[in-house]
Amino acid sequence: MIVLHVITGLGNGGAEAVLLRLTAADQKKGNQHCVVSLMDRGVYADRLEQAGVCVHTLNFARGKVAIRGMARLWRLLRHIRPDVVQTWMYHADLIGGVMARLAGIRAVVWGVRHANLDPAHNSSATLRVVQLCAYLSRWVPLKIVSCAVQATHLHRAAGYQADKFVQIPNGYNLERFKPDVSSRTAARAELGIEENIFVLGMVARFDVQKDHRNLIRALGRLNGRGVQFICLLVGVGMDETNSELRDWIEEIGIADNIKLLGPRGDIPVIMNAMDVHVLSSLGEAFPNVLAEAMACGTPCVTTDVGDAAIIVADQGWVVAAQDSEALADGLMEAYKSFAGDGAAWKARQDACREHIMTNFELEQMCERYRQAWQACIQA
């Protein structure tokens, strides 16, 4: 198959990471992949090209539609003549899907990767695109791939064509994300953290959906209960230049407990350096960081968003979203487990990885995408 992917952008995000894993792995099966970014090259274009995936950029300005860019997309579709067009996220679903149908390509598969349509935390422009996609879902895509059970329920309720949904959870490269004692030791040495210190961490860009303020408040409560800890905050915007984040930390009085690491290219190493990964989000679909941490043998405390509870299962702690007291309680339970029976903690770490290996391995995801694409070609 020749599969052309249309994605809104190639910045540092979960969907972009899944796109890279999917295309890189599937090319080894003999299929060809091409990626079109509506915006710029971001951080993933080079990685995609290194994996042998061709990349085109249309250079749309954020929040704006460029007629010239749409015309170029149509020409690319007519030139490449892919067997399937797979789109990723709302704007790409809309623009990529419509242009594919105008170019005479019937096998269009949309990708839904969002499980929070709350007007308080989404722009009005995005919600208008969602409404338009819901209307067009009857005609444009043959199938709609959803990465999360909650995302499927939400979009069906929003008016998307219910019988077109296909559930495909994210899959992970378990050779990259795995327990590594040497990485743990080296990372802690680099960061000046002693081995006996309880290390929390959250890998997430600075974004309203991630609710870092909730996390900072919960960490303040944890500190007030006498727990000694270090928290690693990793991702775009998670550095000393973020004055809003720094103000929250200083207001709570936990500056000595926080290390702002910014974006890192060695996430498996950082996951191994942590004892517990925490996710404080108010909205997610299928949060990659939970599965990545667990694949490294790192238990998780997470808010109950999207499919987080399905990912964590019985190996971690799930608490209410937007409730810093509940999040602090979850972190306290994790700390007690960490500081208690060492054999029980090791068993929990092993169970975390086993759960991801059994349910969210990369080839499982790739095979489900291939089945969806073949079904569209044969329809």
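The values are calculated or read from the model by the stated rules, or taken from the named source; none is laboratory data. Since this is a predicted model, take the numbers as computed values, not measurements. Glycine also receives a Cβ, built like all others from the backbone with ideal geometry; neighbour counts cover every protein chain displayed. Protein only, heavy atoms only, side chains kept; ligands, DNA and RNA dropped before computing areas. Shrake-Rupley method; radii C 1.70, N 1.55, O 1.52, S 1.80 Å.
Test Ala151 against the criterion of being open to solvent by 20 Å² or more (accessible area, probe 1.4 Å) and assigned to a helix (DSSP H, G or I), and give yes or no.
no
Only one of (1) crowded, with 21+ Cβ neighbours inside 10 Å; (2) under 26 Å from Ala321 (Cα atoms) is not met by Asn122, so which one is it?
All conditions are met except number (1).
At least 3 residues that are of a type in the set (Val, Ile, Thr) in each: list the strands (runs of 3 or more DSSP E) lying fully within region 273-379 that qualify.
300-303
Every residue, every condition in (1) of a type in the set (D, E, K, R); (2) touching a strand residue (DSSP E or B) at 6+ places or on another chain (Cβ under 8 Å), yes or no:
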{"position": "Asp304", "(1), (2)": "yes, yes"}
{"position": "Ala308", "(1), (2)": "no, yes"}
{"position": "Gln322", "(1), (2)": "no, yes"}
{"position": "Ala328", "(1), (2)": "no, no"}
{"position": "Leu331", "(1), (2)": "no, yes"}
{"position": "Met357", "(1), (2)": "no, no"}
{"position": "Ala379", "(1), (2)": "no, no"}
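Collect the residues in region 308-329 that are closer than 26 Å to Thr152 by Cα and surrounded by fewer than 24 Cβ atoms within 10 Å (Cβ to Cβ), keeping them in residue-number order.
If the condition is that a residue be closer than 26 Å to Thr152 by Cα and surrounded by fewer than 24 Cβ atoms within 10 Å (Cβ to Cβ), then Ala309, Ile310, Ala313, Asp314, Gln315, Trp317, Val318, Val319, Ala320, Ala321, Gln322, Asp323 are the ones that fit.
Just checking, how many residues over region 330-363 are within 25 Å of Gly220 (Cβ to Cβ) and open to solvent by 60 Å² or more (accessible area, probe 1.4 Å)?
So the answer is 4.
Name the single residue that is most open to solvent (accessible area, probe 1.4 Å) among those in region 210-237 being part of a loop (DSSP other than H, G, I, E, B) and within 25 Å of Leu117 (Cα to Cα).
Across region 210-237, the extreme among qualifying residues is Val236.
Keeping to region 252-296, report how many residues are of a type in the set (Phe, Trp, Tyr) and farther than 24 Å from Met357 by Cβ.
Pass one, region 252-296, residues of a type in the set (Phe, Trp, Tyr): 286.
Next cut, farther than 24 Å from Met357 by Cβ only: none.
Number of matching residues: 0.
Taking only pairs six or more apart or across chains, which ones have beta-carbon atoms under 9 Å, a first residue in region 187-209 that is part of a helix (DSSP H, G or I) and modelled with pLDDT of 95 or more, and a second residue that is open to solvent by less than 80 Å² (accessible area, probe 1.4 Å) and of a type in the set (D, E, K, R)?
Note: pairs meeting the criteria are Ala187/Asp266; Leu191/Lys259.
Report whether or not Pro268 is open to solvent by 10 Å² or more (accessible area, probe 1.4 Å), part of a helix (DSSP H, G or I) and touching a Ser or Thr at 6+ places or on another chain (Cβ under 9 Å).
yes
Just one of Glu240, Glu250 is in a loop (DSSP other than H, G, I, E, B), free of Cβ contacts under 8 Å to residues at least 60 places away in the same chain and either open to solvent by 20 Å² or more (accessible area, probe 1.4 Å) or more than 30 Å from Pro119 (Cβ to Cβ) (or both); which is it?
Glu240
Being under 23 Å from the mean Cα position of the chain (by Cα) and within 26 Å of Ile356 (Cβ to Cβ) is true for just one of Val181, Val234. Which residue is that?
Working: Val181 fails: under 23 Å from the mean Cα position of the chain (by Cα).
Going through Val181, Val234 in turn, just one is under 23 Å from the mean Cα position of the chain (by Cα) and within 26 Å of Ile356 (Cβ to Cβ): Val234.
Quick one: is Asn170 closer than 23 Å to Gln374 by Cβ and polar (S, T, N, Q)?
Taking the combined requirement at face value, the residue satisfies it.
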